[in-house]
Each structure stands twice: as structure tokens, then as C-alpha cells.
Amino acid sequence: MTSSTLVYDIRNSRYLNITGRCTLRCQFCPKHNGSKQVHDYQLDLDHQPTAEEIIPLLGDISSFDEYVFCGYGEPTLNLATLISVAKAIRQQGGKVRVNTDGLGNLFHRRNILPEISPWVDSLSISLNADSEDTYIEHCRPKLKSSYANVKAFIELAVHCIDSVQVSAIEGLTGVDIEACRQWVEQSGAEFKHRKLGVVG
């Protein structure tokens, strides 16, 4: 059996794969369609990695544009590792981005933003839909009130993280991309228009 890919590089960023667990079961996610691969990297994990496993793999921090917490799981579900690793990167002058579904507060039942904000430069949050019905249809959340909680998370995040990007995906049935853009920009975040099937 091949060992788990804990770090992988795309362009000049190093990506950190710290969990395979997720709060969503998005029907458009490749892992629900038989693939856990991004570019040439297999991202299937056999355990939740610790900070002690990830930190030695960071490499020369000055040589990367940024470090991105992103795999086929929700990084905030492995919060202790995320914070410890992000802190190590920032203390050496690196930049940190977290790709998230915005459900960390709902999952942990508290506002985690004050815990991560000292160590995170930017958040990329997946909104994916302009209504609760389309969000449930495409993202299949495991937790109740997920859609309302993503929106609440975005509204909190813009006040404590320097850069907040919020994405929606063109190509999902019934999703109004312009309505998503309008809401995101009104919330004070930057809108990122993604296309279905384009990963990384």
C-alpha cells in the first residue's frame, strides 16, 4: 500500500492534506465519483496526520508563495494540526491559506475564527449555491442548518481574516452564479467564479 500524500505542490504553492473527513458529501466532488486524485497526487489518507508529521515536510518556507490547507477533507475538522502547522509557517515568514466549506464553527460548536486568525492570511470558502435548497441538493450536508452557518461564517470571517474569497461553481443545476456574486460582495468578501470539473 502506498503511503499517504501529506503535502503536494501546485504551481508555486505547497498544499497540506491534513484530513479525509468532511462535513459535506458534495455530489460533484471527485472523491464521491471514484477518484481521490489531484493532478498526479493521490490524496487518500489512512489516518488524521499530526502537526509533528506535517511540519518536517514543509521544506524551505521562503521558496513557496503560500501554503494551502486543502485536500479531499475539511481542514478545520483537524483543527489542532491546522493551527500548529499554520503557526509554524507564519513564524518563519510564510503565507497561509485555508480552503474550507465554512462549517468549522457549526462542527466545533464555537467560533473558531479567533483561534485561526492569528496564523491565517486568507480563507477560500465554498458557498456553492444561492439558496438552501440548491445547497442541500448539490453539497448534501451532514449537519442541520449548514447553509445558514456557511453564510454566518463568511460574515464573521471578513472582520478577522485579511483576505476572504468565496466561491460558487458554474455548471451546477439551478445555481444562480450572479446571485451568489451579489451576496458575497455585499458581505464584504471577494467572489471567485469557479467552473465545474476544474480542480487545483
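The table below lists the values:
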| quantity | calculated |
| --- | --- |
| Cβ-based charge dipole, the stretch 83-200, positive-most Cα from H159, A86, A189 | A86 |
| Overall form of the stretch 101-195 per C-alpha gyration tensor (a/c, 1.5; a/b vs b/c) | oblate |
| Residue-span extension gain [Q42 to H159] - 0.36 nm each, minus C-alpha spacing | 38.6 nm |
| Residues with amide H under 5 Å from that of Y15, placed H, sequence gap 5 or more | Y8, D9, I10, V68 |
| The stretch 107-155, accessible area per residue, ligands and nucleic acids excluded (1.4 Å, Å²) | 47 |
| Check: the stretch 44-200 dipole with +1 on Lys, Arg Cβ and -1 on Asp, Glu Cβ, in debye | 300 |
| Top positive-direction residue, dipole computed over the chain with Cβ charges, set T100, T19, V150 | T19 |
| Cα gyration tensor shape of the stretch 139-200, rounded if a/c is under 1.5, else prolate or oblate by comparing a/b with b/c | oblate |
| Fluctuation leader among K95, K151, K142 - the chain, Gaussian network, Cα springs under 10 angstrom | K142 |
| Carbon plus sulfur fraction of accessible area for the stretch 38-176, probe 1.4 Å, in percent | 48 |
| Among V158, V98, V68, residue whose mean-square fluctuation peaks in a GNM of the chain (springs only between Cα atoms under 10 Å) | V158 |
| Built amide H within the under 5 Å cut-off of V166, gap 5+ | I125, E190, F191, K192 |
| Phi-based couplings in Hz for the stretch 176-183 (Karplus 6.51, -1.76, 1.60; Gly and Pro marked x) | 8, 4, 5, 5, 4, 4, 4, 5 |
| Estimated FRET transfer efficiency (I55, H108; beta-carbon r; R0 30 Å; 0.05) | 0.85 |
| Paramagnetic label zone (point 7 Å from Cα along Cα-to-C-beta, Q27; backbone N under 19 Å) in the stretch 153-174 | 168-174 |
| Length-normalised contact order of the chain in % [C-alpha pairs under 8 Å, at least 6 apart] | 20 |
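The values are calculated or read from the model by the stated rules, or taken from the named source; none is laboratory data. All of these numbers come straight from a predicted model, not from anything done at the bench. Every residue, glycine among them, receives a Cβ derived from its backbone with ideal geometry; neighbour counts consider all protein chains shown. In case anyone asks, the SASA skips ligands and DNA or RNA and just uses the protein heavy atoms, side chains included. Shrake-Rupley method; radii C 1.70, N 1.55, O 1.52, S 1.80 Å.
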